[in-house]
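*Asks:* Have a look at this one.
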Amino acid sequence: MGTIEQLLPRLPAGTTWTPASEGESGDAVFRRSDGAAFAKVSLGTGAAQLDEERRRTEWLAPYNVGSARVLDWRATPGGACLVTAAVPGVPASDLPAADLLRAWPSMARRLRTLHEIPAGECPFARPLSAIFDRAADVVARGAVNPEFLDPDQQDVPPPLLLARLQADLPHRLAQEAQDRVVCHGDACLPNFLVDPQTLQCTGLIDVGRLGTADRYVDLSLLLGNARESWRDAADARTAHALLFAQLGIDAPDDGRLDFYLRLDPLTWG
């Protein structure tokens, strides 16, 4: 098996790779010291998943959503490395509540731009049936991370959580068939970048789960992930109203939001 150092590309004199973070997938992420690029390295079986992210990043780049461009791709029998151009801005998760609320309409518009890409042009699909199968596999392996669950669900056995979702599945499948768009698939705050001066959203990153799906996959995760960022219930209500106003949705389906928000934590593991 290769090593991370062997997979990272060489850089021009005076620049280095510095550790940035580790994603939910376990990939090692590095930032170029001049801030111009990021490298994500996956060893072993994770390389195939990183290749899926590469393909989606390349496909999305020509569209006007402010996503990253692929600069380099290296794959060996032992792993892979994806290098992308940095998207300017800071993660929305780094903003204090007042600034996040000011940035929120532009984040919603950025998501709307993604959702307005003709679904027929997207070669990637992430149907609810596949998402649910993924959740069933994670539950069967006992791999659900309780920290991803809402506090009121952390003491509920994951098989019971899955069974509750399964009872609602036929209805949600029917809704999906009528309303499928190009979704980010992991529309949480860290994946929205914001100019800290203007508080305008500059782009979307980490598109490894991108594919056609029910738009509420993205809407539920964005609202759910932001809940702990707000100062109070009034902020949360304002964010909810602003999001749907920017998306042109007059009658939000809260049941649909809740379904996808409960399903997502079961898919990581």
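The values are calculated or read from the model by the stated rules, or taken from the named source; none is laboratory data. Fair warning: this is a prediction, and the values are worked out from it, not measured in the lab. Cβ sites come from the backbone with ideal geometry, for glycine too, and all protein chains shown count toward neighbours. Surface areas here come from the heavy atoms of the whole protein model, side chains and all, with no ligands, DNA or RNA. Shrake-Rupley method; radii C 1.70, N 1.55, O 1.52, S 1.80 Å.
*Asks:* Provide the gained length on full extension for the span D133 to D232, in nm with one decimal, where the gain is 0.36 nm per separating residue minus the Cα-Cα distance.
*Replies:* Gain in length upon complete extension: 32.1 nm.
*Asks:* Give the ranking of D155, D206, D51 by solvent-accessible surface, highest area first, calculated with a 1.4 Å probe.
*Replies:* The residues order as D155, D206, D51, largest area first.
*Asks:* What is the diffusion coefficient of the range 95-174 in µm²/s, taking the Kirkwood radius over Cα pairs and the Stokes-Einstein relation at 25 °C with a viscosity of 0.890 mPa s?
*Replies:* 154 µm²/s
*Asks:* Now for a separate question. Output the relative contact order of the range 1-146, whole-number percent, from Cα pairs under 8 angstrom with separation of 6+ residues.
*Replies:* Worked out over the range 1-146, it gives 19 percent.
*Asks:* Give me, ordered by chain and number, the residues 5 or more places off D27 or on other chains with an amide H under 5 Å from its own placed amide H.
*Replies:* Amide H neighbours of D27, under 5 Å, 5+ apart: none.
*Asks:* Follow-up question, since we're still on this one. When the chain is treated as a GNM, springs tying every alpha-carbon pair under 10 Å, which of R110, R172, R215 comes out with the largest mean-square fluctuation?
*Replies:* R172
*Asks:* Further question on the same structure: From the phi of every residue in the range 69-86, what ³J(HN,Hα) in whole Hz does the Karplus formula 6.51 cos²θ - 1.76 cosθ + 1.60 yield, where θ is phi - 60° and glycine or proline is x?
*Replies:* The phi angles translate into 10, 7, 9, 7, 9, 10, 9, 10, x, x, x, 8, 9, 10, 10, 10, 5, 5 Hz.
*Asks:* Quantify how much of the Cα-Cα distance distribution of the range 174-264 extends past 19 Å, in percent.
*Replies:* 42 percent
*Asks:* Under a GNM of the chain (C-alpha, springs under 10 Å), which listed residue has the highest mean-square fluctuation: I131, I205, I249?
*Replies:* I249
*Asks:* If each of T113 and E52 carries a label point 7 Å out from its Cα toward its Cβ, how far apart are those two points in nm?
*Replies:* 2.6 nm
*Asks:* Would you mind pulling out the separation of the Cα centroids of the range 131-157 and the range 40-88, in Å?
*Replies:* Rounded to whole Å, the Cα centres lie 28 Å apart.
*Asks:* I've got another one for you. Note the full-extension length gain between A163 and D254 as 0.36 nm times their separation in residues minus their Cα-Cα distance, in nm to one decimal.
*Replies:* 30.8 nm
*Asks:* How large a share of the accessible area of the range 198-269, in percent, is made up of carbon and sulfur atoms when the probe is 1.4 Å and the other protein chains stay in place?
*Replies:* After summing per-atom areas, the C and S share lands at 49 percent.
*Asks:* A follow-up question, please. Amide H neighbours of A37 under 5 Å, at least 5 residues apart or on other chains, H built in the peptide plane: list them.
*Replies:* Amide H to amide H, under 5 Å and 5 or more residues apart or across chains, A37 pairs with R32, A86.
*Asks:* Of the chymotrypsin sites (Phe, Trp or Tyr not before Pro) in the range 37-106, which ones lie in a loop per DSSP and count no more than 16 other C-beta atoms within 10 Å?
*Replies:* Y63
*Asks:* Under the Kirkwood approximation applied to all pairs of distinct alpha-carbon atoms, what is the hydrodynamic radius of the range 47-105 in Å?
*Replies:* The answer is 13.5 Å.
*Asks:* Do any GluC sites (Glu not before Pro) in the range 2-105 lie in a DSSP loop with no more than 10 other beta carbon atoms within 10 Å, and if so, which?
*Replies:* none
*Asks:* Further, regarding this structure: How large is the direction-averaged shadow of the alpha-carbon convex hull of the chain, in nm²?
*Replies:* Here the figure is 14.9 nm², rounded to one decimal.
*Asks:* In the range 226-269, which trypsin sites (Lys or Arg not before Pro) fall in coil by DSSP and have 12 or fewer other Cβ atoms within 10 Å?
*Replies:* R231
*Asks:* Roll a 1.4 Å probe over the protein chains and send me the accessible area per residue for the chain in Å².
*Replies:* 48 Å²
*Asks:* Need one number: convex hull volume per residue for the range 66-139, Cα atoms only, in Å³.
*Replies:* Residue-normalised Cα hull volume stands at 196 Å³.
*Asks:* Quantify how much of the Cα-Cα distance distribution of the range 11-87 extends past 15 Å, in percent.
*Replies:* So the pairs more than 15 Å apart make up 55 percent of the total in the range 11-87.
*Asks:* Would you work out the relative contact order for the chain, in percent, from Cα pairs under 8 angstrom that are 6 or more residues apart?
*Replies:* Relative contact order comes out at 22 percent.
*Asks:* Turning to a different aspect of this structure: Given the rule -39500 (n - 2.57) for each run of at least 4 DSSP H residues, summed and divided by the residues of the chain, what is its mean residue ellipticity at 222 nm, to the nearest 500 deg cm²/dmol?
*Replies:* About -13000 deg cm²/dmol.
*Asks:* What are the residues whose amide H is under 5 Å from the amide H of T202, where those residues sit 5 or more places off or on another chain and H is modelled from the backbone?
*Replies:* Distant-sequence amide H within range of T202: L193, V194, D195.
*Asks:* Relative contact order (percent) for the range 1-84, with alpha-carbon contacts under 8 angstrom and 6 or more residues of separation?
*Replies:* 31 percent
*Asks:* Ok, one more. Quantify, in whole percent, the carbon and sulfur part of the accessible surface of the range 28-82 (1.4 Å probe; protein heavy atoms only).
*Replies:* Answer for the range 28-82 is 48 percent, counting heavy atoms of protein chains only.
*Asks:* Give the calculated FRET efficiency between A140 and H171 to the nearest 0.05, with a Förster radius of 41 Å applied to their Cβ-Cβ distance.
*Replies:* About 0.95, to the nearest 0.05.
*Asks:* Can you give the Rg and Dmax of the range 104-254 based on its C-alpha atoms, in angstrom?
*Replies:* For the range 104-254, the Cα-based Rg and Dmax read 16.1, 46 Å.
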